[in-house]
Each structure stands twice: as structure tokens, then as C-alpha cells.
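**Q** I have a structure here, written as C-alpha cells, and I will follow up with some questions on it.
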Amino acid sequence: MRQEIIRRRNVVQSQCKRFNATVPLNDISLEQLKHFIVDDDHRLLYCYVPKVACTNWKRIFFVLTGVRDEQGRPYRNPVEIASNLSHINGKLRTLDTYTREEAIHRLSLYYKLIVVRHPLERLLSAYINKFTMPYNLFFHRKYGAHIIARYRDNPRPESLELGDDVSFDEFVQFLLDDESIRQGLMNEHWQSVNELCLPCTVEFDVIAKYETLEQDADYFLRSTQLDHVVRFPSLPSSYIRTSLETVKQRYSEILRKDIMLLFRRYLPDFLLFNYTIPEYLLQ
């Protein structure tokens, strides 16, 4: 496993050099570090990426950083932490809340983790979760209504008001539209990993992958000698990962040229983390 982690790090470093994309730490702003969760006790940093198991990793850091429940007791078992609780702002400290000097010190010396996922699968997961689930009213109204108004011919008034029936093709058009960037609509759930975690600036010690999640999580906890403190939650039998068939079916709705445009839009994530477009999506 150690050799695989080293190989992943080497791929990132070589791609950053290839495109001359390395940015010095001193040139980044604190705002760019808001996704880096800090554990000062164990000298760890974790850059969380939405739709890449970040709920369970945040639960892990609840335990490691000593977050307490309503009775004032520190959490010991990540499985007992409600998923919505793990996303409440302020429960876990992030790097942007330190001074610039403190942040750079931690980036230079702490052990750093990032978890990545195939870009196309991550985007589909974001679409399914944020635009097809009835409880995500915020996303429907803020983003869904905008998407429908901009990309649908003759939308129904109810769709314009509720924004709750965005198609996957409309979501893809939204991602490919430069106007979405100009209007500040690139939410963290579909921003690139390259933008969120700055892998050409920050040298991550462990680059874990969603595709080998439990194995990589075990490696990280063993390499930090924390495997006796906390265990990564096993995926429950009820857990439904975005299946290969779902990926095939959903992307069959998308024109091949748009899949290629998505590839170009998220090119850094493909190259840095050694992902390719599966042949079945291009047939």
C-alpha cells in the first residue's frame, strides 16, 4: 500500500511540473484554505472534498479533535455521530481561521490527507444528491431554478419557482457554461478538487481514493498510529454507491461532445489523480 501512495504522490508532482502549475504557499490566500480541517493535537490536516466520503472523514476528525456532544462528552465512535451534525460550521476548525503565518506553519509541518474520486462519478453523485432528493430545497431554489430558467425551453411556472426537476443534461450544461463561474455559482459540491485543495501547492502525504476507500483509510490511520483510537466506519449494508449501471445510464443522456467538454473542464482532476474517461461513456 505504501508504494501505491508514493506512486499517487509522484503522479501529482509530475503533472504539476509538467504544466508549471505549482504555486508557492506564500501566494495563496486564507480564503483558499477553508476546506482544510485541522487537528492540532495529532498534527493533521484533512482537505475535505464534498461527495467523496467527507461525512465519514469529518466524523473521524470529530473523534480525533475531541468534539463533545450535548452532554459535554467527547465522541468516541464516529458511527454515533449524525451525518448532518458533521457538517455544522464551527464544529471542526479549518485552516482559514488561523493567521497566515500559523496556517503556513501547519501546511509545512503537519501530516496531510486528501481523498479523491473519479470526476465524472463525483459530478453525477452531486447531481443525484442535490437535485433529485426532495429534502434539498436550498439547492433546488438557489441553483435548480436558475438552471431551469437558463437551459430549458418553455419551462413550467412551477419548475421556475421550485427548481426541483433539473435534468442531468441541464446540470451538465450549467457546469460547462462560463457564466456559471462568472456568477459565482460553482458550489463546492461541483468545484474541482484542484480548486478546493490546491494539490500543486500543498504536498499531501496521503492521497486516498474513493474507489479503495476502506483500504486507504486503514493505511492513513495506521501510518499516523491512530488506528487504536478510531476506526473508519464500515459502509452499512443499506449504503448505495453510485453504481456502474447508474453512471452508464445517466451519461448515456449526455452528448459525447459534452462529455469531452466536461473532461476539459475538470482536466486537472483527471490528470493529477490519474483518472480517464471510461470507453463505455464514449461509445
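The values are calculated or read from the model by the stated rules, or taken from the named source; none is laboratory data. Quick caveat, the model's predicted, so the values are computed rather than measured. All Cβ positions, even for glycine, are placed from backbone atoms using ideal geometry, and neighbour counts span all protein chains on display. Note: accessible area is taken over every heavy atom of the protein model, side chains too, but ligands, DNA and RNA are not part of it. Shrake-Rupley method; radii C 1.70, N 1.55, O 1.52, S 1.80 Å.
**Q** When you scan the range 13-29, do you find a residue that is buried (at least 16 other Cβ atoms within 10 Å of the Cβ), out of contact with any strand residue (DSSP E or B) (no Cβ under 6 Å at 6 or more places or on another chain), within 30 Å of residue 129 (Cα to Cα) and not charged (D, E, K, R), even just one?
**A** no
**Q** Do any helices (runs of 4 or more DSSP H) entirely within the range 173-235 hold 2 or more residues that are open to solvent by less than 30 Å² (accessible area, probe 1.4 Å) and of a type in the set (A, V, I, L, M, F, W, C), and if so, which?
**A** Values: elements: 178-182, 193-197, 213-223.
Counting at least 2 such residues, we get 193-197, 213-223.
**Q** Only residues that are assigned to a helix (DSSP H, G or I) and out of contact with any strand residue (DSSP E or B) (no Cβ under 8 Å at 6 or more places or on another chain): list them for the range 1-12, please.
**A** First, pick out the residues of the range 1-12 that are assigned to a helix (DSSP H, G or I): 2-12.
Within the range 1-12, 2, 3, 4, 6, 7, 10, 11 qualify.
**Q** Considering only residues that are more than 15 Å from residue 46 (Cβ to Cβ), among the polar types (S, T, N, Q) and in contact with a Phe, Trp or Tyr (Cβ under 8 Å, 6 or more places away or on another chain), which ones fall in the range 61-118?
**A** none
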